[in-house]
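Trainee: Below is one structure. I have some questions about it.
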Amino acid sequence: MPVRFQHDQQPKSIYFITFTCYKWLSLFQETNTYDAVYKCPPVPVRTGFDSLYRNNIYVPGYVTMPNHVHALLYFPEMPKSLNTVIGNAKRFLAYEIIKRLQEKKANNLLDTLHAGVKKRESKKGQIHKVFEDSFDAKECHSTDFIFQKLEYMPARPVRRASQPS
């Protein structure tokens, strides 16, 4: 069994986080779940980025692309591991994406996501593979890096949309 990478998080830090849909499929676009990202679960209750504040986690900025999410998260304290926080968010979003795909009767896409589930994941009850296992987390060591990411995130959808497929 592969060892999962544990991000070495520090309190009083801002992290630039990116997580991606399975095989870079445009699942947010396909299901119009851009709104669901704002409703991602905080630690430990499901409500939204807005409720992360009540759990001492702040979101200085985020953008949802058709197939991935970028977010800046500030942790004055580290109540749980970064892996747990992002894992909970991905799990909540996966349920919502699957629900919307089922409502749309997007059976081909559901079959693709079902086929992506590994045997060990299936034994744990996973039915669909909505996100890539890992995520990227970069600790922001300078205000220049933070401002670079804050400028980068809103520019991505415009730049991405203008590029040919």
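Since every read-out is calculated from the coordinates, none of them should be taken as a lab result. From a predicted model like this one, the values you see are computed outputs, not experimental measurements. Reconstructed Cβ throughout: ideal geometry from the backbone, glycine too, with neighbour counts over all protein chains shown.
Trainee: Taking θ as phi - 60°, what are the ³J(HN,Hα) couplings along the stretch 86-101 by the Karplus curve (6.51, -1.76, 1.60), each to the nearest whole Hz, with x for Gly and Pro?
Mentor: So the Karplus estimates, Gly and Pro as x, are 6, x, 5, 4, 5, 5, 4, 5, 4, 4, 5, 4, 4, 4, 6, 5 Hz.
Trainee: Continuing with the same structure: Got a sec? How would Leu113, Leu101 order by Cβ neighbour count within 10 Å, fewest to most? Before the final figure, lay out each step's value.
Mentor: Numbers: Leu113 24, Leu101 21.
Arranged by neighbour count, lowest to highest, Leu113, Leu101 become Leu101, Leu113.
Trainee: With a/c under 1.5 counting as rounded, go ahead and sort the stretch 65-120 into rounded, prolate or oblate using the C-alpha gyration tensor (a ≥ b ≥ c being the square roots of the eigenvalues; past the cut-off, prolate if a/b is larger than b/c, else oblate).
Mentor: Working: a/c = 2.89, a/b = 2.00, b/c = 1.44.
It comes out prolate by the Cα gyration axes.
Trainee: May I pose another question? Return the sequence-ordered ³J(HN,Hα) values of the stretch 21-34 in whole Hz as given by the Karplus equation 6.51 cos²θ - 1.76 cosθ + 1.60 applied to θ = phi - 60°, using x for Gly and Pro.
Mentor: 5, 3, 6, 6, 5, 7, 6, 5, 5, 4, 9, 6, 9, 4
Trainee: Grab the beta carbon distance between Gln148 and Trp24, set R0 = 30 Å, and tell me the FRET efficiency rounded to 0.05.
Mentor: The value I calculate is 0.80.
Trainee: Now for a separate question. Out of residues 5 or more away from His68 or on other chains, whose amide H comes under 5 Å of its own, with H placed 1.01 Å from N in the peptide plane?
Mentor: Distant-sequence amide H within range of His68: Cys21.
Trainee: Here's another thing I want to ask about it. Could you derive backbone 3J(HN,Hα) for the stretch 131-141 from the dihedral phi with the Karplus parameters 6.51, -1.76 and 1.60 (θ = phi - 60°), listing whole Hz in sequence and x where the residue is Gly or Pro?
Mentor: Calculated HN-Hα couplings, in order: 10, 5, 4, 8, 9, 9, 9, 10, 6, 8, 8 Hz.
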